[in-house]
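Let me begin by presenting the structure, written as structure tokens, before commenting on it.
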Amino acid sequence: MSKAFDLEAEVRDLAARRDITDAVHRYMRGLDRLDPVLQRSAFHNGAWVDCGLMAGPVDDFITFGQDMLATMETTHHMLGQVRIEVHDAERASGECYFRAWHGTRDESGKPGDLFIAGRYIDEYACNNGEWRIAKRLLITDWVKDDPADHSFYEANPTTNRGGRRGADFSQTRAWPR
């Protein structure tokens, strides 16, 4: 016997997945734009994060991550597949694949390309009608650290490049007249 279709339950499930995905996206954008407020908005109060380099309360993690990423020239975090399982009206879990590029410099000042790929294993909660991350553990699947080649930028100085701390075009939308 097939299960009866419940439109209201389906809409609740889809809305939960939408809101969870939006939290995951805010987290990634907050990393690359060095926007701690946006990054923090992905988490509930009392959330816990383990990124391998540190584990603890979300506010400690946000400070740690923002400080670490600020030492890099730029970063680019890309989400892959996101798998969400909604357990009930207040709990869900998920796994998000990611690949991150970090523009670095070595001790002599030479540019580098640090690539890290892995997965976020998440627990989500819906508190006061808002789905956010409650627990997050980062699994690193692979890392690649190479010298960088910036000759393209040198040959094309008018290339539009990403900015941080409110200076990115996507944040300013400062269109030329």
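The values are calculated or read from the model by the stated rules, or taken from the named source; none is laboratory data. Quick caveat, the model's predicted, so the values are computed rather than measured. Neighbour counts are summed over all protein chains in view; Cβ atoms, including those assigned to glycine, are modelled from backbone coordinates with ideal geometry.
Values computed for the structure shown
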quantity: Those residues of the range 138-172 which are among the hydrophobic types (A, V, I, L, M, F, W, C) and modelled with pLDDT of 80 or more, in sequence order; calculated: Leu138, Ile139, Trp142, Val143, Ala148, Phe152, Ala155, Phe169
quantity: Condition check for Ala148: of a type in the set (A, V, I, L, M), surrounded by 10 or more Cβ atoms within 10 Å (Cβ to Cβ) and touching a His at 6+ places or on another chain (Cβ under 6 Å); calculated: no
quantity: The listed residue being under 15 Å from the mean Cα position of the chain (by Cα) and either farther than 26 Å from Ser170 by Cα or of a type in the set (Lys, Arg) (or both), out of Val37, Val49; calculated: Val49
quantity: Pick from the range 101-124, criterion in contact with a Leu (Cβ under 8 Å, 6 or more places away or on another chain) and among the hydrophobic types (A, V, I, L, M, F, W, C), ranking: nearest to Asp146 (Cα to Cα); calculated: Trp101
quantity: Subset of the range 6-65 (residues that are farther than 24 Å from Gly162 by Cβ and in a loop (DSSP other than H, G, I, E, B)); calculated: Asp6, Gly52, Met54
quantity: Neighbours by Cβ (under 6 Å, 6+ apart or cross-chain): first from the range 17-29, over 10 Å from His77 (Cβ atoms); second at pLDDT 95 or above and part of a helix (DSSP H, G or I); calculated: Arg26/Leu38
quantity: Those residues of the range 12-68 which are within 24 Å of Asn128 (Cα to Cα) and modelled with pLDDT under 95, in sequence order; calculated: Arg12, Asp13
quantity: Within the range 119-167, tally of residues that are outside any loop (DSSP other than H, G, I, E, B), under 21 Å from Thr71 (Cβ atoms) and touching an Asp or Glu at 6+ places or on another chain (Cβ under 6 Å); calculated: 1
quantity: Subset of the range 134-174 that is touching a strand residue (DSSP E or B) at 6+ places or on another chain (Cβ under 9 Å) and acidic (Asp, Glu) - its residue that is farthest from Ile116 (Cα to Cα); calculated: Asp149
quantity: Check on Met78, within 23 Å of Asp145 (Cα to Cα), free of Cβ contacts under 8 Å to residues at least 60 places away in the same chain, under 14 Å from the mean Cα position of the chain (by Cα) and loosely packed, with under 14 Cβ neighbours inside 10 Å; calculated: yes
